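The block underneath contains the structure these notes are about, expressed in structure tokens.
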Amino acid sequence: MLYPNPCRQAKPRWLAALGLMTLVALSGSANAATSAVATLAEPATVIARLGGADAEPALRLQVSPANRATGAQVLLRVFVNQPDADAQSPLGGVGFVGSFAFSPEADGPEEVGLPLAPQLAQLLRAPEAGPPTVTVVPVPLRVGAPAGDGAVTVGEAVIEGL
């Protein structure tokens, strides 16, 4: 009587298991939440995830106070795919998304939605485009305001409508 060769059956099972583990690992890392702290001295960059494609192109960004003791109200400038952006970066470039005021004394996380310019959305849709990055640059809201670090935690960033 002939018996099936166990080695011939084990290899496909092993490859299937390896493929499944790889898929689980990749999907877990793609959805992993990243956050960073931005201060007046150091902007923060996070990797954005892509949301649904059924909406107008927009960036949803979650920010929260990093330290309530700072006391400085800040203007947060937001850039996409410009990880080297700082307070002197031009605001007319393709990667500039917008800005909004934020107080480190806020009660908790805030979610802000900023529309994406059509030219930026087109660049993000390109087949060769990699994962988008979002850089948040805090700048003082008022000249001569009390000193502080204006620290904010940049949480989840989601780009929708691509």
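Among the conditions (1) hydrophobic (A, V, I, L, M, F, W, C); (2) assigned to a loop (DSSP other than H, G, I, E, B); (3) in contact (Cβ under 8 Å) with a residue 60 or more places away in the chain, the only one that residue 85 does not satisfy is (3).
Looking at the structure I just gave you, is residue 117 modelled with pLDDT under 85 and either over 21 Å from residue 46 (Cβ atoms) or open to solvent by less than 80 Å² (accessible area, probe 1.4 Å) (or both)? For residue 117, the condition - modelled with pLDDT under 85 and either over 21 Å from residue 46 (Cβ atoms) or open to solvent by less than 80 Å² (accessible area, probe 1.4 Å) (or both) - is not met. Tallying residues that are modelled with pLDDT of 85 or more and either open to solvent by less than 60 Å² (accessible area, probe 1.4 Å) or not β-branched (Val, Ile, Thr) (or both) within the stretch 15-38 yields 2.
The values are calculated or read from the model by the stated rules, or taken from the named source; none is laboratory data. Note that the structure is predicted; figures quoted are calculated from it, not measured. Using ideal geometry, Cβ is built from the backbone for each residue, glycine included, and neighbour counts are taken over all protein chains shown. Remember, those area values only see protein heavy atoms, side chains included, never the ligands or the DNA or RNA. Shrake-Rupley method; radii C 1.70, N 1.55, O 1.52, S 1.80 Å.
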